[in-house]
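Structure first, commentary second.
The values are calculated or read from the model by the stated rules, or taken from the named source; none is laboratory data. Owing to the predicted nature of the structure, the values given are computational and were not obtained by experimental measurement. Note: ideal-geometry Cβ built from the backbone for every residue, glycine included; neighbour counts use all protein chains shown. SASA here: full protein model, heavy atoms, side chains in, ligands and nucleic acids out. Shrake-Rupley method; radii C 1.70, N 1.55, O 1.52, S 1.80 Å.
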Amino acid sequence: AADGALEWQSMMALGFLWSERDYAQAGAWLLRARDLAGRLGDQTLQARSLNRIGNWLVNTGQIEEGLHAHQEALGLFEEQHDTQGIAETLDLLGTAHGMRGDRIQAIASLSQAIPLFRDLGDTRHLISSLTMRAIQSMPGSSETVFASLRSLDVCAQDASEALQMARMVESLAGQAFAENALGHTFLAFGEFGSALMHAREGRRIATEIEHQQWLISAHYCLGRIYTSLLAPAQAISALETGLSLARALGSTFWIATLAAQKGMAHLLTRDFPAATATLQGAMPREQQPLNMAERDVALAWGERALAQEEPDEALQIAERLIATAPGMAPGEAPQPIPRLLKLQGEALSALSRLDEAVDALRRAKQGALERNARPVLWTIHRALARAYQRLRRKDLARRELMAARRVIEELAATLDDVSLGEQFLQAAFDSLPQQKARSSRKVSARAAGGLTAREREVAALVAQGKTSRDIADLLVISERTAEAHVGNILSKLGFSARAQIAAWAVETNLTTR
């Protein structure tokens, strides 16, 4: 029909549809649409083409080119005073800045887009912008860069509002995106139970609508949760599924992001060949990272070097990532980035530069406390305890070990899955440096905790993951009596959850008696 505008619209729609399945096909259609817009001489169509191409470039690892395309589109929309176009471009710029690693600028762009979408009554884009701002705000998405230091309530509010709106307009894609964001958000603050619930729901919805990108995101979230819970087999399974989907989609960003986390999971089992192969497939060790995903891979290379007793290499990687972290405002003091400072501190400790190590680890702890990043905080306490022990500063070492145990117990208590919580407690406590044995009298007094012999027996069974029904069967008592014993233990020890009983039983070696 020689209808150029409708032909352009059809090409854009095809590109958008393919973006959920195959990025190569998507890019081909979007480039054809851009060329047609140029021939038609329509600035609005050109700007919209630039935005879609910019987003495609960002997702295929060409982030600087993508940012340039969005900036060019923004200029065209501003010339035409096109509020809708300006809002959509700011939204996409937020995503691009975030994937580059500049979380501060990402949040600034999204915070400009959100009120414009509200004024325009554009629910679909508002859902996306709110969800993306939650993702860019949470500390867990900023492990190698500066973070916004927004609270859990603020981050979760954005994603929760987006989820509620997506349900109202029956947008399953919007619901899957928001559920994933909530999973990542709760994980970042160490609320493991809520994180698992939302990640699994995001996976369910994405599977139902066959949305590859949100399915990849859900598997990535699950992989990170299980890695944080020191459950490498479950982590690797989720991440490998996500990687297969990312390769089929052709997203270099997701491939690198998932590979970085899978490399970390392999390190938990000290499977160095598998970790090396995974990381090498995403980015060679010597390559300089250019975006957020590549920075994550570089961090994993640093952890791998440290685990294989190459502290010089680990230190170089940590210091390079600290020096190149994007997003710091001019004149501002550098914000402590806990994961990078922890790597730096542990590398310095391995090199016997203990005073420098303690300084780096103290700054790492400060950064983790500022971000309320509990999943990494307990590992920093552990690293500090090891450094203090080597410096023969026993009181400080003991204080850090107590702090590590407290955070571990808090994290385990967020899980409804008792077995998973107790598995995490056991693995985390086993990883802590051992203190000198106390006198037998002190150990006995601490182990007893005021409990009767039967109550200590019940506590040991709780630590083994036994339910009240299991305990009743094993001890030949009623289930009601078993529950009463558990209640007495909670009361005497001042606890509120079975996971805390399990932690106490492991810590006091009750399970080995």
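Brief remarks on what is shown
- Amide proton proximity set for Ser142, modelled H, under 5 Å, gap of 5+: none
- Comparing region 299-397 with the 2.2 N^0.38 Å rule of thumb, its C-alpha radius of gyration ratio is 1.05 (two decimals).
- When only the Cβ of Lys, Arg, Asp and Glu is charged (+1, +1, -1, -1), the dipole of region 55-137 relative to its Cα centre reaches about 440 debye.
- Using the Karplus relation 6.51 cos²θ - 1.76 cosθ + 1.60 with θ = phi - 60°, the per-residue 3J(HN,Hα) values for region 283-288 come to 6, x, 4, 7, 6, 7 Hz, with x marking Gly and Pro.
- Principal axis dimensions, the chain - Cα atoms, whole angstrom, descending: 91, 55, 40
- Close Lys pairs in the chain, defined as Cα atoms under 28 Å apart and 8 or more places apart or on different chains, number 12.
- Rounded D (µm²/s) - region 155-227, Kirkwood Rh over Cα pairs, Stokes-Einstein at 20 °C, 1.002 mPa s: 185 µm²/s
- C-alpha center-to-center spacing [region 61-122, region 239-258] in angstrom: 25 Å
- Computed over the alpha-carbon atoms, region 32-114 gives an Rg to Rh ratio of 0.98, Rh here being the Kirkwood radius from the mean inverse distance.
- Dipole-positive endmost among Leu369, Pro289, Leu341 within region 284-382 (Cβ charges, Cα centre): Leu369
- Here the dipole of region 145-191 is about 80 debye; that uses its Cα centre as origin and unit charges on the Cβ of Lys and Arg (positive) and Asp and Glu (negative).
- Rounded accessible area per residue of the chain, 1.4 Å, Å²: 43 Å²
- Along the chain, longest interval not containing exposed GluC sites (Glu not before Pro), exposed being DSSP loop plus at most 14 other Cβ atoms within 10 Å: 333-513
- Between Gln287 and Glu161, the modelled label-to-label distance comes to 3.8 nm, taking each label 7 Å out from Cα in the direction of the beta carbon.
- Across the options Ser151, Gly94, Gln136, the greatest Cα extent toward the positive end of the charge dipole of region 80-155 (unit charges at beta carbon of Lys, Arg, Asp, Glu) belongs to Ser151.
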